[in-house]
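The values are calculated or read from the model by the stated rules, or taken from the named source; none is laboratory data. On a predicted model such as this, the values are computed, not experimentally measured, just so you know. Reconstructed Cβ throughout: ideal geometry from the backbone, glycine too, with neighbour counts over all protein chains shown. Side chains included, ligands, DNA and RNA excluded: accessible areas come from the protein's heavy atoms. Shrake-Rupley method; radii C 1.70, N 1.55, O 1.52, S 1.80 Å.
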Amino acid sequence: MSVSDLHLALTCHETHVDGHKLVYATAGAPSAPPLMLVHGWTCHKFVWRHVLAALAERFHVIALDLLGHGESDAPPDGDYSIPAQAQRVLALADQLGLARFALMGHSMGGLISLYIGAVLAPER
């Protein structure tokens, strides 16, 4: 699947967490194991565009725009700390009904993913 074909295979959604809009894209079969992709600082969900097609062959991929990034809200008084962003990722997982899921992050997204796995929800 080419990068241009990928845009056709992605479905974009929006939800609200703590009163703020979060935007995320999904790809792959919903019955496949869930994989949440967490981007780094100053990035957005499409930073994953070159690997999304390959990942979507085996996973139900959820690539979100963290608060303050991409198409998600960017409130001037927002809490953009690692713990706050991690709580939002978990809130999205809860909204999607994901009891267990894999995380993949880069840069700040890696820190957020590690925080979730080590501190907030290691059982998930």
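What number of residues within segment 53-66 are of a type outside the set (Phe, Trp, Tyr), touching a strand residue (DSSP E or B) at 6+ places or on another chain (Cβ under 6 Å) and closer than 25 Å to residue 87 by Cβ?
Matching residues across segment 53-66 total 7.
Considering only segment 84-101, how many residues are over 18 Å from residue 63 (Cβ atoms) and exposed (fewer than 14 other Cβ atoms within 10 Å of the Cβ)?
Of the residues in that region, 2 qualify.
Of (1) under 16 Å from residue 44 (Cβ atoms); (2) surrounded by 15 or more Cβ atoms within 10 Å (Cβ to Cβ), residue 107 satisfies all except one. Which?
Of everything listed in (1) under 16 Å from residue 44 (Cβ atoms); (2) surrounded by 15 or more Cβ atoms within 10 Å (Cβ to Cβ), residue 107 misses just condition (2).
Condition first: of a type outside the set (D, E, K, R), over 11 Å from the mean Cα position of the chain (by Cα) and either open to solvent by less than 20 Å² (accessible area, probe 1.4 Å) or closer than 25 Å to residue 51 by Cα (or both). Now tell me which residues in segment 110-124 satisfy that.
Hits for segment 110-124 are 110, 111, 114, 115, 116, 117, 121.
Could you look through segment 24-67, keep only residues that are of a type in the set (D, E, K, R) and open to solvent by less than 50 Å² (accessible area, probe 1.4 Å), and pick out the one that is nearest to residue 78 (Cα to Cα)?
Selected residue: 65.
Out of 93, 25, 63, 53, report the one residue that is part of a helix (DSSP H, G or I), touching a residue at least 12 places away in the same chain (Cβ under 8 Å) and within 14 Å of the chain's Cα centre (by Cα).
Answer to the check: 93.
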